[in-house]
Amino acid sequence: MAIEILMPALSPTMEEGTLSRWLVKEGDEIKSGDVIAEIETDKATMEVEAVDEGRIGKILVEGGSEGVKVNAVIALLLEEGEDESALKEAQSSTSQKPPPDNEVKGKESKTSETPAERSESRGQEQDEDEVPDRAKRASGSSDKGRNGSSRLKASPLAKRMAEQGGLDLSTLDGSGPNGRIVKRDVEAALKDGAPKAATKDAAPETKSAPAKAEPGKISVESLHLEEGTYEVVPLDGMRKTIARRMTASFRDVPHFPLNIDIELDRLLELRSELNRKAPEGVKVSVNDMLIRACALALIRVPESNASYTDEGLVLHKHADVAVAVAIDGGLITPVIKKAETKGLAAISSEMKDLAARARERKLKPEEFQGGTFSISNLGMMGIKSFASIINEPQGMILSVGAGEKRPVVKNDALAIATMMTVTLTCDHRVVDGSVGAKFLSALKPLIEDPVTMLL
Amino acid sequence: MASENFDLIVIGGGPGGYVAAIRASQLGLKTAVVEREHLGGICLNWGCIPTKALLRTSDIYHLFQRAEEFGLKADNVRFDIEAIVKRSRKVAGRLSGGVGHLLKKNKVTVIDGEAKLEKGSQAPKVVVKGKDGESATYEAKHVILATGARARTIPAAGLEPDGKTIWTYKEAMVPETMPASILVIGSGAIGMEFASFYSTLGAKVTVVEMVDRILPAEDEEISQHAKKAFEKQGLKILTKAQVEKLETTKSGAKATIKVDGKSEAVEVEKVILAIGITGNVENLGLEELGVKIERGHVVADGYGATGVPGLYAIGDVTGAPWLAHKASHEGVICVEKIAGQDVHPMNKSNIPGCTYCHPQIASVGLTEAKAKEAGHEVRVGRFPFVGNGKAIALGEDQGLIKTVFDKKTGELLGAHMIGAEVTELIQGYVVARQLETTEAELMHTVFAHPTLSEMMHESVLDAYGRALHY
């Protein structure tokens with residue numbers, strides 16, 4: 001029988017993605033390791049490599065398809081000696097399993113029996129509560145998670161709790177066996193304020209009464225704009241991720257900023273000298289030097305290189321420095337892992353490669369996930385100072401302002417120096433003011449006397 | 001000084017330790033178990049299993065008393081306490097041998113002797129003093145403490161076994177003669193099982209409990225039900241009662257018991273102490289290693305980690321509930337975590353508890369009171385044995401199955417049972433809870449007829465006002 005090629009999960013949290021394009025066509029011979037397709041998730045474009053050898057028998061999901069569920073069959077591969085009849089066999093066996101859509105519908109109608117039964121036994125007063133639930137379910141059937149072909153695995157209790165909490169189960173990762181969504185996942189999501197189920201036009205009466213709109217959900221209508229004076233850009237995966245993560249962080253993490261001015265002249269001098277003497281192709285940027293300086297400061301002040309959890313403060317043994325890179329339609333934070341172990345040339349070339357691939361949305365998940373600390377630099381855009389939002393679960397993020405010539409007082413006399421203002425935003429649950437200050441006072445001399453960061 | 005290196009050494013060969021060792025071996029770890037006495041631990045040798053053998057005898061004896069009811073003639077039914085104990089010991093022996101065989105089959109090294117821990121590099125070193133007095137040191141990457149627990153005693157109040165008149169479970173399991181009267185101090189599972197056994201065989205049994213009801217861990221309704229059933233069998237039950245003084249006399253023991261502010265003297269032939277359990281944490285070198293011990297038990301996290309690098313603890317030594325199946329499961333979780341698998345800590349609210357007295361008692365999850373205390377609005381279902389065909393056919397029409405649901409989510413918060421064979425029934429609800437079914441799935445489940453399990457269905461239906469047969 002033909003081999004099924006499945007939609008791969010590019011990251012542990014990926015549930016669906018866009019199959020951007022096929023690099024092979026039906027009838028092509030492929031071998032293990034060949035790149036056969038490109039897949040786009042909320043943050044990256046990735047290449048799919050063939051695992052098995054054979055001939056592409058049938059492409060089931062066209063290039064450009066959005067919302068393809070992880071593990072959905074996207075193509076069938078014929079093994080050596082197999083002909084098209086194997087294809088039919090494979091397809092009929094996939095269709096013998098209840099076809100995905102029907103399966104979902106079947107599940108829908110089955111669960112919708114339950115509230116009816118429940119209301120029957122619970123009595124009249126419950127009926128009112130059930131109405132929006134049922135309406136929600138009906139409208140939900142056209143929602144995400146229904147057009148893909150992988151079944152949503154969740155316990156009955158988890159389904160009911162999600163329904164009652166207005167939570168879209170397809171946005172959750174299950175921690176049960178084989179990724180089954182269980183009670184603890186729903187509880188955690190409800191606590192974290194995960195995305196709510198799409199319930200637009202849940203019931204006619206909701207529409208006429210905007211006051212009853214679902215809490216936390218902002219509709220275009222609620223902006224009360226005049227028709228024709230705006231356009232709506234649909235939210236892509238990256239925008240949704242930024243919205244969700246930044247909202248959660250700004251709401252749940254007690255932020256506070258610390259700022260200091262740092263003199264840059266000697267760093268700029270050293271940089272020119274390094275680049276003058278560097279071999280062809282190596283060009284160290286101010287940012288590369290900041291990455292190295294931050295990494296060293298993090299290691300010198302280990303309590304600042306930390307993440308908060310309810311089970312305890314996680315102290316990281318390496319400085320994995322994430323750097324915010326603006327890209328079309330958003331931003332992404334590639335990570336320089338173990339930056340304290342890397343020299344300026346290594347950091348520079350790694351950063352160049354990561355940033356280039358970030359702009360093409362071709363980073364691998366492991367290249368932009370993790371990170372123990374972040375740097376966001378808007379200096380090149382002339383920003384004097386700003387305070388970034390913490391990139392959870394990291395404990396601190398450094399916002400770097402522009403270097404500019406400013407009058408300073410040196411030896412009781414007015415002088416000119418190139419200064420920049422940096423702002424360290426800290427998660428107070430793990431980094432107290434004095435710890436943040438300790439980090440900054442370790443960072444400052446590394447930049448002002450930059451030879452020390454070469455050691 | 002012999003020396004051998006292992007990936008894992010488990011200290012204690014009880015149901016926590018030997019199961020952990022087998023699982024470790026399955027996962028490819030080179031594993032050893034250190035056992036000072038018998039493989040299988042208290043459970044197999046002095047607990048769960050031999051008491052079940054004793055209770056089987058008393059159940060059959062009880063049925064003989066009822067022979068006529070079933071149309072049988074049995075005259076002059078007697079028992080031989082020596083033979084009863086002998087059978088119980090034989091059952092234990094057979095199973096202990098079985099554990100040895102399982103360990104051998106799984107290539108687990110068994111080291112006989114008493115272990116003590118010393119500071120090591122990756123994990124504490126294990127020094128084992130063999131029966132011959134010779135010591136050997138073993139090193140492992142990981143060490144699991146599974147040393148179990150023993151009966152708690154309070155010497156200051158005279159609540160201390162002397163092995164002759166004042167017994168713990170251990171002596172109570174191997175009586176030489178059948179005592180005419182027994183005082184059981186403590187009405188938890190252990191106390192009630194012995195009370196039931198001795199009472200059925202004709203001893204005059206008095207049970208003393210400090211709080212206001214017997215089997216205090218169970219649902220209140222179940223406690224009440226049990227009290228009535230035991231009193232009907234002739235047990236004397238004193239609740240809110242405290243033993244103030246206990247002394248041995250020529251013929252047995254004399255206890256001064258304070259009930260309702262009045263002191264009362266009770267004279268009995270034997271006393272069984274069942275006043276709780278305390279962990280085996282002594283003489284293991286734990287203090288020197290800085291292992292945290294609270295109220296007689298090692299403090300460990302959901303994966304068994306003690307905070308001392310490479311040292312884990314599972315089962316009774318880590319505290320309540322002191323149950324073999326909890327120990328085994330913790331052992332498996334601990335080992336799988338060590339092997340780098342993706343595991344979750346055990347959900348302690350889903351550990352079933354079974355008491356094999358007559359009538360049997362079984363439960364899982366929250367009691368009605370605990371559920372309300374936790375802030376749940378509840379729906380409660382009940383179904384009595386008297387409404388079940390199979391129960392009536394068995395001549396076991398006394399009992400109750402109670403279910404507690406969360407009113408909002410339909411989660412089965414707890415189930416509580418008393419009556420024939422409920423210890424075998426409870427697992428159905430445990431599976432339901434583990435799979436997180438709601439009342440809807442339970443209602444849609446087909447239960448075979450005629451079985452006692454139908455009552456489990458009816459109890460769920462009753463919680464939603466839909467019971468069919470009562």
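Within the same chain, lysines fewer than 8 places from A:Lys384 are excluded, and of the rest, those with a Cα less than 21 Å from its Cα are A:Lys405, A:Lys444.
Output the relative contact order of the stretch B:1-105, whole-number percent, from Cα pairs under 8 angstrom with separation of 6+ residues. Show your work: numbers first, answer last.
Details: 106 pairs, mean separation 29.4, N = 105.
Relative contact order here is 28 percent.
Eigenvalues of the alpha-carbon gyration tensor of the protein assembly as shown, scaled by 5 and square-rooted, set the equivalent ellipsoid semi-axes at 61, 38, 29 angstrom, largest first.
With a 1.4 Å probe on protein heavy atoms only, work out how much accessible surface A and B bury together, total over both chains, in Å² to the nearest 100. Can you show the working numbers first?
Values: alone 24710 and 22540 Å², together 45660 Å².
That pair hides around 1600 Å² of surface in total.
Taking a straight Cα-Cα cut-off under 19 Å and skipping sequence neighbours fewer than 8 places away in the same chain, the aspartates and glutamates within cross-link reach of B:Lys245 are B:Glu160, B:Asp162, B:Glu209, B:Asp260, B:Glu264, B:Glu267, B:Glu269. Surface composition of chain B: carbon plus sulfur atoms contribute 51% of the solvent-accessible area (1.4 Å probe, protein chains only, all chains present). Residue ranking by accessible heavy-atom surface, 1.4 Å probe, largest first, among B:His449, B:His325 comes out as B:His449, B:His325.
Using 1/(1 + (r/R0)^6) with R0 = 30 angstrom and r between the beta carbons of B:Glu176 and B:Met346, what's the FRET efficiency to the nearest 0.05? Provide the component values of the computation, followed by the final result.
Values: r = 41 Å, r/R0 = 1.35.
In this case the efficiency is close to 0.15.
What's the extension gain from A:Ala248 to A:Val35 if we count 0.36 nm per residue and subtract their Cα-Cα distance?
That works out to 73.0 nm of additional length.
Cross-linked pairs A:Lys183/B:Lys407; B:Lys116/B:Lys292; A:Lys183/B:Lys408; A:Lys159/B:Lys372; B:Lys141/B:Lys337; B:Lys232/B:Lys370: Cα-Cα separations exceed 20 Å for A:Lys159/B:Lys372; B:Lys232/B:Lys370. Sorted largest first by accessible area at a 1.4 angstrom probe radius, with every protein chain in place, the residues B:His38, B:His469, B:His329 fall in the order B:His469, B:His329, B:His38. With the charge dipole of the protein assembly as shown set up from +1 on Lys and Arg Cβ and -1 on Asp and Glu Cβ about the Cα centre, the Cα lying farthest toward the positive end among the listed residues B:Val271, B:Gly252, B:Phe385 is that of B:Gly252.
Ignore the peptide's own chain and count Cβ atoms of other chains within 10 Å of each Cβ in B:433-445; give me the average, rounded. Don't skip to the end; give the middle numbers.
Working: counts 1, 3, 6, 15, 3, 9, 6, 9, 4, 1, 4, 4, 0.
Taking the mean over all residues of the peptide, I get 5.
The distance separating the Cα centre of the stretch B:451-470 from that of the stretch B:410-433 comes to 13 Å. Taking every protein chain into account, the 1.4 Å probe leaves A:Met14 with about 20 Å² of accessible area, to the nearest ten. Could you tell me which of rounded, prolate or oblate describes the stretch B:328-438, using a ≥ b ≥ c as the square roots of the eigenvalues of the alpha-carbon gyration tensor, with rounded for a/c under 1.5 and, failing that, prolate when a/b is larger than b/c and oblate otherwise? Taking the square roots of the gyration eigenvalues as a ≥ b ≥ c, the stretch B:328-438 is oblate.
In this label model, A:His318 and A:Glu404 are separated by 3.8 nm, measuring between points 7 Å along each Cα→Cβ vector.
When DSSP assigns beta bridges and you keep just the ones with both residues in the protein assembly as shown, what percent turn out antiparallel, to the nearest 5? Numbers along the way, then the final one.
Values: 105 of 146 bridges.
Percent antiparallel among DSSP bridges in the protein assembly as shown is about 70.
Of the residues B:Glu282, A:Glu40, ranked by 1.4 Å probe accessible area with the largest first, the sequence reads B:Glu282, A:Glu40.
Filter the cross-link list A:Lys337/A:Lys438; B:Lys73/B:Lys390; B:Lys204/B:Lys326; B:Lys164/B:Lys402; A:Lys31/A:Lys364 down to pairs whose alpha-carbon distance in this structure exceeds 30 Å.
Working: A:Lys337/A:Lys438 23 Å; B:Lys73/B:Lys390 23 Å; B:Lys204/B:Lys326 34 Å; B:Lys164/B:Lys402 41 Å; A:Lys31/A:Lys364 22 Å.
Flagged as over cut-off: B:Lys204/B:Lys326; B:Lys164/B:Lys402.
FRET efficiency for A:Phe386 and A:Ser20, Cβ-Cβ distance as r, R0 = 35 Å, nearest 0.05? The partial results should precede the final answer.
Working: r = 34 Å, r/R0 = 0.98.
The calculated FRET efficiency here is 0.55.
Counting only heavy atoms of protein chains, what accessible area per residue, in Å², does the stretch A:352-455 have with a probe of 1.4 Å?
Accessible surface, normalised per residue, equals 46 Å².
In the stretch A:156-170, burial by the other protein chains removes 50 Å² or more of accessible area from A:Pro156, A:Leu157, A:Arg160, A:Gln164, compared with the chain on its own (1.4 Å probe, ligands and nucleic acids ignored). In this calculation the C-beta distance from B:Leu435 to B:Asp132 is compared with R0 = 60 Å, giving a FRET efficiency of 0.70.
When +1 charges are put on Lys and Arg Cβ atoms and -1 charges on Asp and Glu Cβ atoms, the dipole computed for chain B relative to its Cα centre reaches about 580 debye. For a test of the definition: using alpha carbon positions, the gyration tensor, and the 1.5 limit on a/c, classify the stretch B:335-387 as rounded, prolate or oblate. Verdict is oblate for the stretch B:335-387. Restriction of the GluC sites (Glu not before Pro) in the stretch B:147-242 to DSSP coil positions whose beta-carbon has at most 16 other beta-carbons within 10 angstrom yields B:Glu176.
Remark: spin-label model distance B:Thr256-A:Ser441 equals 6.8 nm, labels positioned 7 Å along the Cα→Cβ axis. Relative contact order of the stretch A:306-455: 19 percent, from C-alpha pairs under 8 Å at least 6 residues apart in sequence.
If packing is taken as the average count of other Cβ atoms within 10 Å, what order do A:266-272, B:152-158 fall into, highest mean first? Don't jump to the answer; show the numbers that get you there.
Working: A:266-272: 16.3, B:152-158: 13.6.
Taking the mean over residues of other Cβ atoms within 10 Å, the ranking is A:266-272, B:152-158.
Share of pairwise Cα-Cα distances greater than 16 Å in the stretch B:6-59 is 48 percent (whole percent).
Averaging the sequence gap over all C-alpha pairs within less than 8 Å and six or more residues apart, then dividing by the number of residues, gives chain B a relative contact order of 14 percent.
Modelled spin-label separation between A:Tyr230 and B:Ala74, with each label point placed 7 Å from Cα along the Cα-to-Cβ direction: 8.4 nm. Rounded to the nearest angstrom and listed largest first, the equivalent-ellipsoid semi-axes of chain B from its Cα gyration tensor are 38, 30, 22.
The values are calculated or read from the model by the stated rules, or taken from the named source; none is laboratory data. As the structure is a prediction and not an experimental result, all values here were calculated from the model. Using ideal geometry, Cβ is built from the backbone for each residue, glycine included, and neighbour counts are taken over all protein chains shown. Only protein heavy atoms, including side chains, enter the accessible area calculation; ligands, DNA and RNA are left aside. Shrake-Rupley method; radii C 1.70, N 1.55, O 1.52, S 1.80 Å.
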